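Accompanying notes for the structure given below.
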There are 2 protein chains.
Amino acid sequence: VTASERLVVIGGDAAGMSAASTAKKLRGDALDVVALERGDWTSYSACGIPYWVAGDIGSVHDLVARSAHEHRDMGIGVRLRTEAVEIDLDSGHVQTSAGERIGFDQLMIATGAEPIRPDLPGIDAEGILGIQTLGDGERFLAQLTGRRKPRSAVVVGGGYIGVEMAEACVRRGLRTTLVDMAVQPMRSLDPELGAQVADAMRGMGIDVRTQVGVHEFLADDSGAVRAVVTDSGELPADVVVLALGVRPRSEVARQAGLRVGISGGLRTSADMSCDGHVGIWAAGDVVESWDRLRQKWVHVPLGTHANKQGRIAGLGIAGERARFQGVLGTAVTKVCDLEIARTGLSEADAAAEGIEVVAATIETTTRAGYYPGATTMTVKMVADRRTRRMLGAQIVGREGAAHRIDTCAMALWNPTTVDELVLTDLAYAPPFSSVWDPVQVAARAVAAALD
Amino acid sequence: VTASERLVVIGGDAAGMSAASTAKKLRGDALDVVALERGDWTSYSACGIPYWVAGDIGSVHDLVARSAHEHRDMGIGVRLRTEAVEIDLDSGHVQTSAGERIGFDQLMIATGAEPIRPDLPGIDAEGILGIQTLGDGERFLAQLTGRRKPRSAVVVGGGYIGVEMAEACVRRGLRTTLVDMAVQPMRSLDPELGAQVADAMRGMGIDVRTQVGVHEFLADDSGAVRAVVTDSGELPADVVVLALGVRPRSEVARQAGLRVGISGGLRTSADMSCDGHVGIWAAGDVVESWDRLRQKWVHVPLGTHANKQGRIAGLGIAGERARFQGVLGTAVTKVCDLEIARTGLSEADAAAEGIEVVAATIETTTRAGYYPGATTMTVKMVADRRTRRMLGAQIVGREGAAHRIDTCAMALWNPTTVDELVLTDLAYAPPFSSVWDPVQVAARAVAAALD
């Protein structure tokens with residue numbers, strides 16, 4: 001059987017391989033699929049890396065949802081350690097780092113994102129790592145167990161990866177400092193909730209230094225990092241984790257003439273086809289996504305979107321019609337046993353968008369107050385002052401804080417006022433909730449503040 | 001100060017006292033509030049009774065959210081051990097069991113529900129208890145610790161209370177049998193999920209006997225129950241828990257001329273005023289609620305609705321406008337550490353309504369598969385065959401199963417197709433979920449079955 005059509009996929013992680021496998025499943029032998037992956041693994045969980053390096057997960061293989069071998073068994077021609085160095089849209093060819101020129105009928109771009117490396121003196125010292133790929137995780141673990149066993153770590157940046165990696169470092173026995181320019185780590189939360197995260201981190205023994213800028217990295221004679229020079233003095237660092245966010249790896253696509261947005265992410269239609277190009281698709285960390293609340297394009301590099309967008313692209317490649325429905329800004333993580341979740345707009349987000357909001361913060365119990373094991377939980381909720389629509393929520397607490405954010409996400413997905421949210425039919429039983437669910441207690445507080 | 005108006009509240013639990021305290025807070029001295037409660041406690045958590053009798057909760061006082069004393073401090077005239085025996089709507093008076101005749105300007109009826117007692121031989125033997133009030137819980141505990149220490153219990157009926165009380169009995173060291181007419185306990189779930197509940201109960205040592213009818217209760221010479229005669233033979237029983245459901249305690253209201261529905265529950269408008277009567281209000285287990293999915297009146301006796309409806313009535317009593325928004329059939333409980341949750345229509349519910357549906361059942365992990373502590377979870381989802389609207393979900397599993405039902409409840413509250421549910425922005429991180437949330441995995445399976 002000769003395939004009538006060839007799909008080339010650039011990038012072998014969530015978005016690329018979701019597209020590849022969805023399209024291959026639907027088109028079978030009629031579609032020849034070649035997937036280029038610059039690293040050593042396909043379809044892996046980047047979100048699992050901090051837990052792996054912390055020691056929670058036995059082997060790198062556990063993070064691989066589907067190996068290159070398994071993809072090949074499904075008829076997908078995976079080429080590892082192979083990068084696309086040039087795309088020629090006119091003739092339909094990709095030039096690879098292996099010197100090969102591969103023709104395509106359809107092209108899927110899923111090159112992901114890369115950690116931002118600030119242009120500071122000493123940034124190229126050995127031991128300064130971003131954490132984005134399994135290769136990065138391996139390098140980190142190699143350092144931990146290497147000849148020069150590190151004793152101290154500095155994490156630069158207090159977003160999700162920074163917070164997770166700081167916990168991983170301290171659990172690995174390193175003296176760990178997290179430095180952040182902001183007034184608090186986890187700045188996607190408003191300050192009063194971020195303060196709880198900082199407290200939890202300090203409770204684990206992490207030295208959290210906020211409103212601190214980094215100026216320089218110092219190396220020893222061998223070229224290995226030994227300290228970080230900051231506003232708050234010189235911090236010893238046998239290893240440095242860069243957690244300043246990521247930017248889309250869109251250069252090759254941009255050079256080919258594909259449109260990018262202000263973040264550098266590729267611009268696609270809702271079907272994940274690149275603006276103005278038939279048969280050219282993109283998804284995952286390399287694209288911008290439509291923000292349903294802000295009504296504008298944003299760069300939200302998360303595995304959950306990569307999987308969904310990749311699947312949508314795969315359906316499109318196979319000739320089926322599907323549309324990605326946009327993002328809300330839902331995210332979750334934990335520090336020790338403190339669950340941290342958010343969705344929609346924070347008060348600060350709303351201010352930045354010029355939306356007038358009213359917010360309320362409540363503290364309540366995770367179970368009925370009398371039920372054994374009940375602990376406290378803080379919910380902040382934000383609503384539009386004019387329409388009373390709920391616009392965002394942040395939850396910090398133990399046991400069940402994380403999953404409750406999805407109640408809020410669904411109430412954002414289909415516009416819902418705080419007044420209506422108070423009256424929705426949520427599940428209640430003493431082991432799981434107070435009789436008014438914490439989300440509804442928060443909605444009531446916002447409604448009262450609006451009145 | 002002489003109050004210009006008097007509110008009489010009949011029933012001092014969630015619905016009645018929510019109404020009383022909401023109205024009193026808004027109207028202050030202008031409203032004289034008299035609340036009649038036939039039992040010994042006000043504002044208590046009936047849902048907590050099984051956990052109290054199981055030994056999880058220290059004292060009956062822990063279940064009381066606000067005592068009669070606290071209500072009196074707020075200016076509400078609570079009269080305990082006082083029943084309303086007659087209501088005269090024309091003259092605006094309530095006749096009490098204490099022989100008093102109290103005039104009212106507005107009346108709040110919150111008389112709750114009572115356990116169904118089947119008309120079987122021996123039903124009046126000592127030790128056959130329904131579990132509805134704190135008094136019932138006290139009687140049960142008195143039996144446990146009484147002179148004639150019981151060794152065996154039979155729970156008749158396998159709904160939420162039956163399942164929870166069976167667990168309480170077995171944890172109290174009683175040889176416990178649960179008998180149910182249905183093919184499984186927890187018949188608000190479809191059979192394949194109900195079977196998991198039965199397995200978990202048997203795993204705790206509960207003898208679960210399904211498709212078994214009860215014919216007679218046998219008593220010893222002292223009049224105390226000693227056995228239950230069933231299709232499955234004679235079961236020894238030093239104590240019997242009746243868990244066959246409840247019916248609205250609406251008799252006095254009905255005799256006064258107020259309208260009831262087919263369940264015997266009072267019919268109200270969305271503002272919780274009794275149909276056709278200005279200033280006469282009702283809420284909680286004594287009323288029928290509007291089912292948003294079935295588009296008909298149903299009797300759903302749950303504390304969560306009682307609180308919300310009571311508050312709505314209280315706002316109405318104070319002259320503010322508010323409307324209860326109806327119910328979905330959301331409910332949750334647990335057996336041992338197995339969480340059991342449902343919302344909307346089961347496949348059986350849909351069949352009973354004549355709605356053509358497609359359903360799918362999936363099994364997935366509660367966390368990322370590689371993350372420590374991940375366990376399995378079963379989600380069944382039902383969608384309308386024609387419109388593809390999600391119509392209901394059932395979840396059985398450990399850790400995080402319960403809270404996920406609220407995601408489904410919110411997707412029911414504002415109509416959502418399974419196709420859209422697949423693409424909503426739910427929270428993902430390895431400690432909390434697989435990258436496709438279990439709810440979305442189920443929605444995908446239903447969408448595939450619909451295609």
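The values are calculated or read from the model by the stated rules, or taken from the named source; none is laboratory data. Here the structure is a predicted model, which means the values were calculated and not measured. Note that we place each Cβ from the backbone using ideal geometry, even for glycine, and neighbour counts take in every protein chain shown. Surface accessibility is based on the protein's heavy atoms, side chains included, excluding ligands, DNA and RNA. Shrake-Rupley method; radii C 1.70, N 1.55, O 1.52, S 1.80 Å.
Tabulated data
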{"read-out": "Rounded D (µm²/s) - region A:150-266, Kirkwood Rh over Cα pairs, Stokes-Einstein at 25 °C, 0.890 mPa s", "value": "160"}
{"read-out": "Average projection area in nm² (convex hull over Cα atoms of region A:64-198, one quarter of hull surface)", "value": "12.7"}
{"read-out": "Cβ-derived FRET efficiency at R0 25 Å, B:Arg148 paired with B:Glu216, nearest 0.05", "value": "0.75"}
{"read-out": "Debye intensity ratio in log₁₀ form over the Cα atoms of region A:1-123, taken at each q of 0.12, 0.21, 0.23 Å⁻¹", "value": "-0.50, -1.17, -1.31"}
{"read-out": "As computed over region B:365-451, the Cα convex hull volume per residue (Å³)", "value": "80"}
{"read-out": "Cross-link partners of B:Lys296 among lysines (Cα-Cα below 27 Å; sequence separation of 8 or more within a chain)", "value": "B:Lys308, B:Lys380"}
{"read-out": "Shortest-first distances to equivalent copies, position A:Met74, nm, label 7 Å out along Cβ", "value": "5.7"}
{"read-out": "Nearest-first distances (nm) between copies at B:Arg254, label 7 Å from Cα via Cβ", "value": "7.5"}
{"read-out": "Among beta bridges that DSSP assigns inside chain A, antiparallel share in %, nearest 5", "value": "60"}
{"read-out": "Taking only Cα atoms of the protein assembly as shown, radius of gyration then Dmax in Å", "value": "30.7, 100"}
{"read-out": "Shielding by partners, peptide A:323-330 (average Cβ within 10 angstrom, other chains)", "value": "3"}
{"read-out": "Interface area, B with A, accessible, probe 1.4 Å, both sides summed, Å² nearest 100", "value": "5300"}
{"read-out": "Other-chain or far-sequence residues with amide H under 5 Å of A:Glu126's (modelled H)", "value": "A:Ala224, A:Val225"}
{"read-out": "Ellipticity estimate at 222 nm from DSSP helix runs (n ≥ 4, -39,500 (n - 2.57)) divided over the protein assembly as shown, nearest 500", "value": "-8000 deg cm²/dmol"}
{"read-out": "Solvent-accessible area per residue, Å², over region A:302-451 with all protein chains present [probe radius 1.4 Å]", "value": "29"}
{"read-out": "Within straight-line cross-link reach of B:Lys149, lysines at Cα separation under 29 Å, skipping those fewer than 8 residues along the same chain", "value": "B:Lys334"}
{"read-out": "Debye intensity ratio I(q)/I(0), log10, region B:247-305, q values 0.23 Å⁻¹ (C-alpha model)", "value": "-0.88"}
{"read-out": "Cα-based Rg of region B:218-282 normalised by 2.2 N^0.38 Å, two decimals", "value": "1.84"}
{"read-out": "Accessible carbon and sulfur surface of chain B relative to its total accessible area, %, 1.4 Å", "value": "47"}
{"read-out": "Normalised contact order of chain B, rounded percent, pairs of Cα under 8 Å and 6 or more residues apart", "value": "13"}
{"read-out": "Considering only region A:100-250, percent of DSSP beta bridges that pair antiparallel, nearest 5", "value": "45"}
{"read-out": "Alpha-carbon centroids, region A:1-57 and region A:110-128: separation in whole Å", "value": "25"}
{"read-out": "Over region B:303-423, equivalent-ellipsoid semi-axes from the Cα gyration tensor in Å", "value": "29, 20, 13"}
{"read-out": "Calculated from backbone phi, Karplus (6.51, -1.76, 1.60) coupling profile of region B:321-337 in Hz, x at Gly/Pro", "value": "9, 8, 9, 5, 9, x, 10, 10, x, 7, 7, 8, 7, 8, 10, 6, 9"}
{"read-out": "Region B:62-137: radius of gyration over Cα atoms, expressed as a fraction of 2.2 N^0.38 Å", "value": "1.44"}
{"read-out": "Å³ per residue enclosed by the Cα convex hull of region B:253-367", "value": "149"}
{"read-out": "Cut-off 13 Å between beta-carbons: net charge of the residues surrounding A:Thr230, Lys and Arg +1, Asp and Glu -1", "value": "-4"}
{"read-out": "nm² value of the averaged projected area, convex hull over the Cα atoms of region B:334-381", "value": "4.3"}
{"read-out": "Distance between region B:366-400 and region A:412-451 - C-alpha centres, whole angstrom", "value": "23"}
{"read-out": "Probe 1.4 Å, accessible area per residue of region A:54-128, Å²", "value": "50"}
{"read-out": "Overall Cα dimensions of chain B, principal axis frame, Å, largest first", "value": "68, 58, 40"}
{"read-out": "Exam field: B:Gly354 pseudo-label spacings to other copies (7 Å along Cα-Cβ), nanometres", "value": "5.5"}
